[in-house]
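The values are calculated or read from the model by the stated rules, or taken from the named source; none is laboratory data. What you see is a predicted model; the values in this text were computed from it and never measured. All Cβ positions, glycine included, derive from the backbone under ideal geometry; neighbour counts span all protein chains shown. SASA here: full protein model, heavy atoms, side chains in, ligands and nucleic acids out. Shrake-Rupley method; radii C 1.70, N 1.55, O 1.52, S 1.80 Å.
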Amino acid sequence: AALAILLCAQSIPVSAASDKIPPMESYEITIVGGKGGVGFDDMGYSTDLARVMAPAGRIGAIALIDPFTLKFNWFSGFTRSLKPGIGHDESVTSASTGPGFMLATDRTARRLYVVNLRTGKIENYVPLAGGPDYVRYVAPTQEAWVTEPEDSRIEVFALSRHTPPVATHSRFIDVPGGPESLVVNVAEKRAYANLWKDATVEIDLTSGKTTRWPNGGAGSRGLAIDAARDRLFVGCAEGKLSVLDSKTGKSLGAVSSGDGVDIIAYNPRLAHLYMPGARSGTMAVVGVDEYGTPKLLGTAKTPIGAHCVAADFRQGVYVCDPRGGKLLYFLDFYPATI
């Protein structure tokens, strides 16, 4: 089935710090073919494409959304399933871009795909040694890193200098007690992943050496980074957001809202975090000041089960609705906090 977009104006009530801040104007982005549920998971914003990427597990496609028009094109050719389902254990659920190419992981096929961004076609693929979760392009080492949490490791692939590249298995990085989520700090040549409980690890991109940092969260899940300001953000299942210094691991502050937090997103221009709670049906908007101190700015109602989010470079925020097979888009009108 093809993908299409359907915009329906509505308003999401917001608990705001000031009555002068208007309600977040919300729209539904409906994926045709998503009836019965879509296994959204690792959404994100690609600076290479200037698009929001929304891998749509089960229907075998990645939607690329234009922040200006909310229209999208899509890449397909991944594993598809005709049976209804809202879980994110099927098909393509994670993607990352590099110069001229996209990396995507397919949980059903257990493959790492390389997509040609010029043509939108799958160029080549390589089998994975375990079940994938996140994939990230690591520019300083010209590698693809794929987390395999069932095996407590990251599988690393060397990428050739071709465009698009060919991926070749290179090594494993052991992450006992994890890894959950994955972000890359290109300037510092470090990556970060969570352990499932109370800790985040810093990983040297070259040696693979890990350093464990306590994060104060009972169930560590989502990660986001502000590399320019040395801030690392950890979203925890119980509804806690912890802010760490990304160079030292020092705790800078924490705030709590919602329940069932998984994926989080960050807008560095506004210095705002977005933290959906799948069990509470809410999304917290958190501002972070120049000292790294987080403050809850407000909460928006979201569908139960909404566990993933992405932010564009403007004011747009995109929240997944796996059960409804659609995305919610709304604008963040809160003032920048830095």
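Roughly how big is the chain's charge dipole about its Cα centre, with Cβ charges of +1 (Lys, Arg) and -1 (Asp, Glu), in debye to the nearest 20?
420
On a full-extension model of 0.36 nm per residue, what is the gain between A187 and E28, subtracting their alpha-carbon distance, rounded to one decimal in nm? Numbers along the way, then the final one.
Details: separation 159, 0.36 × 159 = 57.24 nm, distance 3.65 nm.
This chain segment gains 53.6 nm when fully extended.
Report the net charge of residues surrounding A237, where surrounding means a beta-carbon distance below 12 angstrom and charges are Lys +1, Arg +1, Asp -1, Glu -1. Display every interim value, and only then the final one.
Working: positive: K197, R221, K240, R279; negative: E180, D198, E238, D259, D262.
Here the count lands on -1.
Could you tell me what percent of the accessible area of region 179-283 is made up of carbon and sulfur, with a 1.4 Å probe and every protein chain present?
Details: 1820 of 3670 Å².
Answer for region 179-283: carbon and sulfur cover 50 percent of the accessible area.
Sum up the charges of everything whose Cβ sits under 14 Å from the Cβ of M283, counting Lys and Arg as +1 and Asp and Glu as -1, but leave M283 out.
It works out to a net charge of -2.
FRET efficiency for D89 and K247, Cβ-Cβ distance as r, R0 = 56 Å, nearest 0.05?
Once the sixth-power term is evaluated, E becomes 0.95.
To the nearest 20 Debye, how big is the dipole of region 160-221 about its Cα centre, given +1 on the beta carbon of each Lys and Arg and -1 on that of each Asp and Glu?
My answer is approximately 140 debye.
Between region 240-294 and region 152-209, what is the separation of their alpha carbon centroids in Å?
So the separation of the two Cα centres works out to 22 Å.
So between N124 and S160, what do we pick up on full extension, going 0.36 nm a residue minus the alpha carbon distance? List each step's numbers first, then the result.
Details: separation 36, 0.36 × 36 = 12.96 nm, distance 1.21 nm.
Answer, rounded to one decimal: 11.7 nm.
Please work out whether the chain counts as rounded, prolate or oblate from its C-alpha gyration tensor, where a ≥ b ≥ c are the square roots of the eigenvalues and a/c under 1.5 means rounded, while otherwise a/b larger than b/c means prolate and anything else oblate?
Taking the square roots of the gyration eigenvalues as a ≥ b ≥ c, the chain is oblate.
Output the pairs from K71/K326; K250/K295; K71/K295; K189/K247 with a Cα-Cα distance over 22 Å in this structure; if there are none, say none.
K71/K295
Label points 7 Å out from Cα along the Cβ direction at D204 and H169: separation in nm?
Inter-label distance under the simple model: 2.5 nm.
Given 0.36 nm per residue, what is the gain on full extension from N116 to R314 after removing their alpha carbon distance, in nm?
Length gained, N116 through R314: 68.6 nm.
Which of the listed residues, H162, S220, L297, is farthest toward the dipole's positive end in the chain, when Lys, Arg count +1 and Asp, Glu count -1 at the beta-carbon?
H162
Indicate the gyration tensor shape class of region 213-338 (rounded, prolate or oblate), computed on the Cα atoms with a ≥ b ≥ c the square roots of the eigenvalues: a/c under 1.5 is rounded; otherwise a/b larger than b/c is prolate and the rest oblate.
The shape class here is oblate.
Under a Cβ-only charge scheme (Lys and Arg +1, Asp and Glu -1), can you give me the dipole magnitude of region 142-249 about the Cα centre, in debye to the nearest 20? The partial results should precede the final answer.
Working: 13 positive and 15 negative charges, 52 e Å.
Roughly 260 debye, rounded to the nearest 20.
Give me the net charge for the shell around T69: Cβ to Cβ below 13 angstrom, other residues only, Lys and Arg +1, Asp and Glu -1. List each step's numbers first, then the result.
Values: positive: R51, K71, R314; negative: D66, D312.
Local net charge: +1.
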